[in-house]
Structures are given as C-alpha cells and as structure tokens.
Amino acid sequence: MSLNPEQEKAVHCSDGRVLILAGAGSGKTRVIVHRIAHMVRHLGKSPESIIGMTFTNKAAAEMRHRVQEMIGTTAAQKVTLCTFHSFCMQVLRREIHKMGYTRDFSLYDERDMRRLIGSMAREMLNHEGELPSLEPTFAALAQASQQGLKAAEDDEERPWHDNFSKDLYERLQSTLRAYNAVNFDSLITLTIQLFEEHPDTLARYQERYRYIMIDEYQDTNPAQMRLAELLANRHNNLCVVGDDDQSIYGWRGAEIKNILNFKADTSITLEQNYRSTPTILAAANAVIRNNQNRHQKNLWTASQISEPIEVFHALTDTEEAQAVVERIIHFRQDKNLRWNDMAILYRSNAGANGQRETSRPGLPGYRGLSWLRRHRRLWRNARNGRGRDRQRWFGCRPRRRHPYRRNHTGPFNRGRGDSRRSSAHIGSRNPRRRGGRGWHGSRCGRRFGKFLPCIKRAAKTAHFIEQRLHPRPDVWKIGRPERFLGRVGKKEIGHLQGRD
C-alpha cells in the first residue's frame, strides 16, 4: 500500500520540530517506519543518530520489525527503538556512577516499593501494628516520581497532600540511594537529573541522537517531555506523533497540554482512516468534536461498506449477557463467522459475570482472564526464587539481593511462621536459609535450574531409544516424571528400566 499525500509529507519532513497529528487508524506507525527508512536510505543519515521512543515493548518491537524489513537487519540494529524506561535504564547502567550509585543497582517494582514504604512508614510513625491505608501516600509518591518533583520544592508551587508524604518522599530517595536501588517510576527522573547535573554527559547523548521521534506523545508526562526536550535541545530535530483525542492516561500522570502546546515548525494532520467504516467514523467525529481543548480534525475513509450501529439497553446484567450470547450465535450461524472473529469488551471485571451464559450448548467455553492470574502467580513464584516457575520465566538465576525482607508465602512456605521467614534478613548470604540471597533462596530453584538442560537431553535420548532402537513399547519405558525429577538432587538425571 502506497502512502497518501499527507503521509508522504510527514515522511519527507525530517528536520526541525514536527508535529504529526495522527487520528485513530491513520497509519502513524507506517509513517514513523517510512520516515526512518527515508532518512537512512535517501538522506544518508546514520542509523545510530536516530532514536524512536514509545510506551510499550510491543510497539517498539513492531517498529523494529518493520524497519528491519525496509532497511535490512544490520542498519535496523543500529537504530535505537525502545521505550522511555528502557532508554533511561541503558543510560543509567552506563552513567549512574556519577550520581553515587554503582552500575549494578537493583530495580524495584511497585510491589517492592510498597513493602519498603510500609516499613519506612512504621519506622517514622513508631507504629508496630497494622497501618491505616497508605493509598493516598502511594499515589502522591508515584505522582512525584512521574513528574520529577523534588521534596525541597515549594509547597505552593508543587503541593503535597500532607507533610508526612513530603518527608517520606525525601527519606525514600536517601534510602534507595543507600540500598543502591532505583524505583521503576524514577528511572526517567534520575536520567533527567543526570543530564542536568552533568552537561558533558548530556552533550554526548545529544551529539549521538540527532533525530528524535516520540510516539503517542499525548500520553507523555512532564518528566518524559522534559527528557525529550533535553535530548533535542542542541540539534532541535524533534518529531512527535500523537492524537490529542486519544489521551486517556491522565489518571497516571499524562498531560494533554504537552501535545496541545507543542511548539512545532511544521504541523501535519493524518485524517484518512484505514481501520473503521464510515458509520463508525461519523459517530466518533460527532462525539469527539464536543471536546473543548483539541486540535481540529475530521476522520474519513475511502471505504463504502458500512453497517448501522445498533444500541441495546438491558435492564439487568442477565438480560445483557443473554442478548450478547444470542447475537454471537446469530453471527456464527447466519454470517458464518468463526468464534475467534468475535470479542466481548466490558469496562470492569464485574462485567464478566455473563460468562455463565456462555456455557449453553452451541457456544464454546469462556476462558476470561484466568491466564492472567496464572501468569501473575508464576511471576510471583519466579521472582521469589521458586524453582520451576523461576526457570519458566527466566531460564537462569540472576543474582539479586534485596536489602529488606521479602514476604515469602505460597506452597514452599506454608505452615511456617515469622521465625522462619525472618531468616531472609538483610544481607543474608547463607544459601541454605529460606529466602537467603532473595533470588537464590529456593533449594528447588537451585537444583532445577542447574540440571534442567541435562533433564531435557536425557528425555530426548530416552525417547529416541524408545522410538528408534526398540519400537516395541513393551521393551523400554521411561520412569514417571516425579521419579524423573526426584533424582535430580542425586545427579541421577533419568533412568530406563528393562522388561523381561
């Protein structure tokens, strides 16, 4: 598919500050990819001087795959396509020693931070029992990290909801520095602090990345906008792509004014839609034009095939679920659609109660989000050093020590009280202690991770012998899986038993 005139204009506008307002389904990823390929193939720009930042690893991987198809693997690997946090992680791994950390710092996720903040709150309040809800405090600290606030800033300019949160935020930064740890939310703010305090480091990255592209710019927060401005301050080649009509992440710190007030030398609007029907676009345009603060745009499509929008109002959730099921069966029988051609969207998990209606004859079973809960359990077990789940996620055992106690619960610690869990103390180095070294605490994890390659090779060998050398099933048999794994500790990988 060739580019339309507006897309062509966006691709060939490579210098200066460019604002690309890309409506839903207008091919913005295609424009970004072709813009990178145009700069490398036709303008002779170095691939190493181009950086594209987005918000998800999936979007970054998709862009990299498309760029690789257009300019080749070698050149595509030199283009930096990553998320904001991934870029900051790479910078900090190289430069964070200038701020008093070491390069092998630990990265704390939300669960780690909640546990650490709870421990610090108990210490500050001198409280041993159950704490009241700290959700307002968590929200205030997260907002401060996302916006790059400092505890010393004036309360009138950057208000805190109470003095306790401000003091806790200040102590939290000192504690993380003492633990040589970094919060996930503070990766960007630490990178900004590094660039502002060390101009020579900033100049080096400005010289390397001369062409900067930001995807989904309407979802950026003040810290992300500040990072982009710092990188583009020398050569001033900043291209931002987004749609103010799709700004939905204000609840997590995104500010729509970043795209509304962007000072652009060239503004390009992509209005041709390649995804939806004319009826859908007409309804969407009629709704969104009521917004007060927005860039004017009117989406359209060249497609002429369209069906009217149907609105159904149900009095109860049971009637709603029954109507959805009847409609699915209608599409299946009359329009010959496959089951995986249809999807049900709902605002909250409470809307999934209609799954009981999908058990009726003629409709496949409802799977819902059980896989999500399952993988969350696997991730929890893996990160706490539990062997099989750890191996499934990581394939190895990375070294990571936590400076505070981890809450070990689950099948490997049932029935054990605080006296046993206390063995996972600060700086524990005894691998025999449950929880020692954080990642290395599980005996099953150590054994399984060590002998898993041998187990796989032995299983393949046994299967080959069974199928090729002795095709008769009554000659050889492989031991039961539990016996197969039970001998791992004794280095007896597997066994073959003969029959008379």
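A short reminder: the numbers here are calculations on the coordinates, not readings from a lab. Since this is a predicted model, take the numbers as computed values, not measurements. We place every Cβ from the backbone using ideal geometry, glycine too, and count neighbours over all the protein chains shown.
Across the options Thr279, Asn261, Gln304, the greatest Cα extent toward the positive end of the charge dipole of the stretch 219-315 (unit charges at beta carbon of Lys, Arg, Asp, Glu) belongs to Asn261. Counting neighbouring beta carbons within 10 Å and listing from fewest to most, the residues Lys78, Lys28, Lys9 come out as Lys78, Lys9, Lys28. Exposure proxy shown here: for His42, His198, the number of other Cβ atoms within 10 Å sets the order, fewest to most, as His42, His198.
With an 8 Å Cα cut-off and a minimum separation of 6 or more residues, compute the relative contact order for the stretch 19-147 in percent. Rounded, it is 17 percent for the stretch 19-147. In terms of other Cβ atoms within 10 Å, Thr102, Thr301 run from fewest to most in the order Thr102, Thr301. Backbone geometry of the stretch 105-122 corresponds, through the Karplus equation with coefficients 6.51, -1.76 and 1.60 at θ = phi - 60°, to 3J(HN,Hα) couplings of 5, 8, 10, 9, 8, 4, 5, 4, 5, 4, 5, 5, 5, x, 5, 5, 5, 4 Hz, x marking Gly and Pro.
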